1. Going by the conditions given, is residue 595 in contact (Cβ under 8 Å) with a residue 24 or more places away in the chain and either closer than 26 Å to residue 701 by Cβ or within 60 Å of the chain's Cα centre (by Cα) (or both)?
2. Which residues, counting only those in segment 878-894, are surrounded by 12 or more Cβ atoms within 10 Å (Cβ to Cβ) and in contact (Cβ under 8 Å) with a residue 24 or more places away in the chain?
3. Among the residues of segment 1059-1066, is there at least one that is in contact with a strand residue (DSSP E or B) (Cβ under 8 Å, 6 or more places away or on another chain), surrounded by 15 or more Cβ atoms within 10 Å (Cβ to Cβ) and on the phi > 0 side of the Ramachandran plot?
4. Residues 526, 608: which one is touching a strand residue (DSSP E or B) at 6+ places or on another chain (Cβ under 7 Å), within 30 Å of residue 464 (Cα to Cα) and not in a loop (DSSP other than H, G, I, E, B)?
5. Would you confirm, using the coordinates I've provided, whether residue 132 is in contact with a helix residue (DSSP H, G or I) (Cβ under 9 Å, 6 or more places away or on another chain) and either at pLDDT below 85 or assigned by TED's automatic domain parsing to the domain that holds residue 155 (or both)?
6. Being assigned by TED's automatic domain parsing to the domain that holds residue 58 and either surrounded by 17 or more Cβ atoms within 10 Å (Cβ to Cβ) or out of contact with any strand residue (DSSP E or B) (no Cβ under 8 Å at 6 or more places or on another chain) (or both) narrows it down to one residue among 118, 190, 199; which is it?
7. What's the number of the only condition in (1) exposed (fewer than 14 other Cβ atoms within 10 Å of the Cβ); (2) part of a strand (DSSP E or B) that residue 513 fails to meet?
């Protein structure tokens, strides 16, 4: 019966375990799927949100940058400045509109420019009037985000001129359609997906203006940042935070939302989806999964019952066998107890409550209790380390883990003595009950030794940490190729700018890469190999962290570790360097001093002798050092006793600080020195050294003499000299020389104490006075030419030169003025300046020569006309300009007239430097002295090339056709007369041809007169091309031409020539893209066949031409044929 009951119990427990495992597994799967869905969606939301925020931030930044570029464009600034000056400047407005329209291509939908008064100047594109959304942006106070079916960036920017002054305002609206489309696409994450873009409200910091976009609506709302005492996700974004949150939105719906700020613009962006949509795909199939799990539990229970029944029976068979074995174990336990009582360690057994079940004799002796006192005693009675709660927790842990445990604690003896023990604990079953088998060992003596060791180690560590020297401990790597840090002290951290935790485990070469080059790594290897300590001398080390000098002492410990004790001696080395520099500096000062410096000891020997002393005396320091009273060689014999007495007084502590005396050099040179003596005393107050510094006063003495001579010269100078007191703001005169009195007409008594400006009278607005006033104010020298007035009121021109006088400290003490009366020179200069102005600015070239014809001066016009530089002309003869177009007789006649009459005027042909020959109008005049002798020649000439060209042009215009350039009727008559005369003389033949173009009028009517003119020009070119050099081609007017053929043999030759003319004209003409065809009708009259004059000959040819036209055009007729 009991067996059956146990089977039922085991089956029920197993079924419950199966149900529990199935439910836990289902819940775990649901939780994993939910977490996985949350993770995937969170990453997707965050990535999509950041992409949209970055795109919007990028577009806004680009629009702001384009706006700044536009306001800095010079055309915008320059034209806006002009509009501020001329508001109705149409040209400037047009240029501004052009710039604005160009910038519309930079994604601007509208641009407007305003002047300094706020008046709109130009507008390009379209600007919003009533936007649905108006959000300020942090970048500037006048930049807003607007909505008009898509986002618009509205910006107001001041326009500054080149001096930083505001001259107007630029209003721009940039199209952010790309960001708008991207925001619209972001909500495709789900049906409840929604994206929001918000900015802080200008009315209330607790509110925000938002653009909300979802699959079902798009609207703008003013929302609170906090609802039901909880911040909305957008509130975090506006605070500049980024992240994912599970919270309630402004509709109080549970959502998962990603939030982020939009750059530094003060805007926030949130992308969210309802949690119900997120978890819907997971929760929907839960009822089906639950039913399936229930079926699995029922089937599993039946299978479990079927499988467990035989196992339970086997289990109870094993139980009976175990009971039999327990009796055997009882006997074994009795044996174990015997061993327990005789063990050397303190053996004791505890039950689950910590009470002693059994204890060995050694444990009783350890605690000082009898066994019967210990049995049943709780562990808390003798454990002196743990509290009751800690003991309970430790016992529970040991029984639960069921593994051997080794730990240290403290026991309390019956007499109160506390001692340290080491306990080994093992959970066992005793009589079927769990017990702890504990073995305690007294470790007081060992602990005391360990404590002493720790104290010793602590003292060593404190000593190490408090050492001023750096200490580093290293462990060699294998063959000593490098060394690993195992410890360093605080001094090392401070000196090497490292931290112990960063250094331990790294090698010497990793931390100090320059140690091998420095030689320190080699020293480590030598000590490691030999075991002998080594002093590594002061060496310089530098890397990215360290710059300085180090001194190392290297040792090897018995453990094989290397110890380096080192000091940073950088300051010491720098101090030594500074001392050396100071010594060198002082020595350089002494050696480079311009004065003589001697140091003499008590024996009168020279112990220092600077370079200046060597250079003057001619003796080197080696020649004079340590020789008593050698310095007396430099003193004149008559003064040696005086100077010796000065030295003797110095020995007794009395010193003559300053005196003068001459010295004589080795070469006999004598110079006067002003000596300054200083004594140095030893600890007993006796003179140890005398320092003598001699300043060369020779030049000073000479200067004093020179000053006296200059003072005498000043009094006798012809220039006026005045000195004013610079210490007095009024600058009164304190000295004037006699010349100043004579120039001004005032005696010194009326000048001294007054400012010399009174000499200007009422004429105090002279421009050059500004320079004098600036010089006096700035304390510098200057020159000016002034109008002054003498005492009698007459004007005199004063060339004034002022200069400041400085004292030793560089302060201005006086101003000196040098006065020159340049009245006569001024009048002469004015006259010369007038003449020079005429000379320099004359349009005609001017040459001045001496009596032999050598050029002394030439004006700029001369260089401009001839092409020769000024320097190339001077010293040459004017004949260099001849062109040889005039023969020598011409120039002989010209100079004969100059010599006889004193001048000549006419035209000559000269040659420029580049070889060009040009006509010149020339006038030559002789300059004579008072005796009537010629001393100079002056030539005035002008280039009349333009005049000649104009004459030729006029002549050509009078004899040639203006359109074709052919001879006109006037020139034709001249040539015809000449041709007739020549033909008559040669008894030859001449043909006069009168030609009229056929079809010319339709060309004018169809294509215009311009085309007709071009056609006449082309006809003229073709006739010239086929005519001979002796022939004449002339245009009388309209489409009428005359050809004169000279030296023709007979009519046959004439016919051939006329055929060529007509064939040429009948070829197509391309006029302004049109192919035009015409022909010609020609009438011919021969001489001497028609023995008539030129006019009649042409009239006869004209009559023959009319016959040709009446006969069908495009042909020619001879007058003889017509007459016949």
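1. Values: in contact (Cβ under 8 Å) with a residue 24 or more places away in the chain: yes; either closer than 26 Å to residue 701 by Cβ or within 60 Å of the chain's Cα centre (by Cα) (or both): yes.
Here the answer is yes, as residue 595 does meet what is asked.
2. Result: 878, 881, 882, 883, 885, 894.
3. Step one: list which residues in segment 1059-1066 are in contact with a strand residue (DSSP E or B) (Cβ under 8 Å, 6 or more places away or on another chain), which gives 1061-1062, 1065-1066.
Still in the running and surrounded by 15 or more Cβ atoms within 10 Å (Cβ to Cβ): 1061-1062, 1065.
Keeping just the survivors that are on the phi > 0 side of the Ramachandran plot gives none.
No, every residue in segment 1059-1066 fails to be in contact with a strand residue (DSSP E or B) (Cβ under 8 Å, 6 or more places away or on another chain), surrounded by 15 or more Cβ atoms within 10 Å (Cβ to Cβ) and on the phi > 0 side of the Ramachandran plot.
4. Working: 608 fails: within 30 Å of residue 464 (Cα to Cα).
Selected residue: 526, the only one of 526, 608 that is touching a strand residue (DSSP E or B) at 6+ places or on another chain (Cβ under 7 Å), within 30 Å of residue 464 (Cα to Cα) and not in a loop (DSSP other than H, G, I, E, B).
5. Working: in contact with a helix residue (DSSP H, G or I) (Cβ under 9 Å, 6 or more places away or on another chain): no; either at pLDDT below 85 or assigned by TED's automatic domain parsing to the domain that holds residue 155 (or both): yes.
It is false that residue 132 is in contact with a helix residue (DSSP H, G or I) (Cβ under 9 Å, 6 or more places away or on another chain) and either at pLDDT below 85 or assigned by TED's automatic domain parsing to the domain that holds residue 155 (or both).
6. On the way: 118 fails: either surrounded by 17 or more Cβ atoms within 10 Å (Cβ to Cβ) or out of contact with any strand residue (DSSP E or B) (no Cβ under 8 Å at 6 or more places or on another chain) (or both); 190 fails: either surrounded by 17 or more Cβ atoms within 10 Å (Cβ to Cβ) or out of contact with any strand residue (DSSP E or B) (no Cβ under 8 Å at 6 or more places or on another chain) (or both).
Sole residue among the options that is assigned by TED's automatic domain parsing to the domain that holds residue 58 and either surrounded by 17 or more Cβ atoms within 10 Å (Cβ to Cβ) or out of contact with any strand residue (DSSP E or B) (no Cβ under 8 Å at 6 or more places or on another chain) (or both): 199.
7. Failing condition for residue 513: (2).
Let's see how each residue does on (1) in a strand (DSSP E or B); (2) modelled with pLDDT of 80 or more; (3) within 19 Å of residue 687 (Cβ to Cβ); (4) not assigned by TED's automatic domain parsing to the domain that holds residue 689:
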{"residue": "612", "(1), (2), (3), (4)": "no, yes, no, no"}
{"residue": "616", "(1), (2), (3), (4)": "no, yes, no, no"}
{"residue": "623", "(1), (2), (3), (4)": "no, yes, no, no"}
{"residue": "631", "(1), (2), (3), (4)": "no, no, yes, no"}
{"residue": "638", "(1), (2), (3), (4)": "no, yes, no, no"}
{"residue": "655", "(1), (2), (3), (4)": "no, no, yes, no"}
{"residue": "663", "(1), (2), (3), (4)": "yes, yes, no, no"}
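The values are calculated or read from the model by the stated rules, or taken from the named source; none is laboratory data. Small disclaimer: the values here were computed from a predicted structure and weren't measured. Every residue, glycine as well, gets a Cβ built from its backbone with ideal geometry; the counts of neighbours run over all protein chains shown.
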